[in-house]
Each structure stands twice: as structure tokens, then as C-alpha cells.
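Please read the structure below before turning to the comments.
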Amino acid sequence: MPVIKVAVAVIKVGDRVLIAKRAKDQHQGGLWEFPGGKFEPDETLMSAVQRECFEELDIWPVLIEPLTVIEHQYPDKSVRLEVCVVKDYLGVPHGKEGQPLAWCPVASLNNYQFPEANKDIIKLI
């Protein structure tokens, strides 16, 4: 089974992070997630994070720091999450794809349902 390489943005302002709800028709639909998406061929982590944040949220990250890499096997697919923390960006985030967004206190993240692969990210932040 091929591994799907995903760029993930933990957008953090103060003690809050931006999370988005996955559409019901997506893999792990209806769960909350950190914004991001699949890498394009030959794309770097930084450019993938910037592109995905612009496509999904209409923001442009300007201060990005790598956080971790998580490999996870779901019953139907394998993912490699390359995770960054976005500490500053241009624009005002909104769900360009109609997805609900929430600024969640880090201490409250466990109150939301996330895909299994995201749980290690929550532990780190």
C-alpha cells in the first residue's frame, strides 16, 4: 500500500490553535483536523504548507517551524504526516472549502474528535 505524504499546519496564536472539520464525504469525515493536505510532486514541506493554507484558509504562512513526522497505518491507507507549526501568517483565516473552523485552546483539544494519526500532534503541542 503506497504511503500518502501529507503536509500539516498547526496554526498557533497564543494558547489557541486553528482546527477544521473534515467534510462527511472525506476519509475520516466529520472529524476535526489540523489544516493541510497532500504534497504535490517535488514540493518541499514549506511550500506545501503555504499552498495548502492558501487553498483551504486564504492565509499565507510567513513563519513556519517543523514540528514532527508521524507515520500512521489506517485499515485502508498509510499516511506520513509532516507537521509544522505556523506562528505567523498574512490574511484572515476562513473555510474557503466551506469547512467549519474553530480557534481551540490547546488545553481543550481533547474535547474534539480527531483522526487517530493526529493524536500524537496534540500530545506535542
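Computed from the coordinates by the stated procedures, all read-outs in this text should not be read as laboratory data. Keep in mind that this is a model prediction, so the values were computed, not measured. As a convention, Cβ positions derive from the backbone with ideal geometry for all residues, glycine included, and neighbour counts pool all protein chains shown.
Report, in listed order, any pair from Lys38/Lys77; Lys77/Lys119; Lys21/Lys119; Lys38/Lys123 with a Cα-Cα distance greater than 21 Å.
From Lys38/Lys77; Lys77/Lys119; Lys21/Lys119; Lys38/Lys123, over 21 Å: Lys38/Lys123.
Full-extension gain between Lys38 and Val69, please, as 0.36 nm times their residue separation minus the C-alpha to C-alpha distance.
Length difference between fully extended and current span is 9.8 nm.
Work out from phi, with θ = phi - 60° and the Karplus expression 6.51 cos²θ - 1.76 cosθ + 1.60, the ³J(HN,Hα) of each residue of region 47-57, listed in order in whole Hz, and give x for Gly and Pro.
Ordered by residue, 3J(HN,Hα) equals 5, 5, 4, 4, 4, 5, 5, 5, 5, 8, 10 Hz.
Going by amide H atoms built from the backbone, whose H comes under 5 Å of the H on Gly36, apart from near neighbours?
Under 5 Å from the amide H of Gly36: Ala9.
Using a Förster distance of 25 angstrom, determine the FRET efficiency expected from the C-beta separation of Val13 and Ser47, and round it to 0.05.
Calculated value: 0.65.
Across region 84-97, in residue order, what do the Karplus-derived ³J(HN,Hα) couplings come to in whole Hz, using 6.51 cos²θ - 1.76 cosθ + 1.60 with θ = phi - 60° and x for Gly and Pro?
10, 9, 9, 9, 7, 7, 9, x, 10, x, 8, x, 5, 9
Enumerate the amide H contacts of Lys5 below 5 Å, restricted to partners 5 or more residues apart or on another chain; note that Pro and chain-start residues carry no placed amide H.
The answer is Phe39, Arg80.
Mind checking the dipole of the chain: about its Cα centre, +1 per Lys or Arg Cβ, -1 per Asp or Glu Cβ, Debye to the nearest 20?
340
Which net charge results for the neighbourhood of Met46, defined as the other residues with beta-carbon distances under 12 angstrom from its beta-carbon, given Lys and Arg at +1 and Asp and Glu at -1?
-3
Tell me which residues come under 5 Å, amide H to amide H, from Phe114 once H is placed; ignore anything under 5 positions away on its chain.
Sorted by chain and number, the residues that satisfy this are Trp32.
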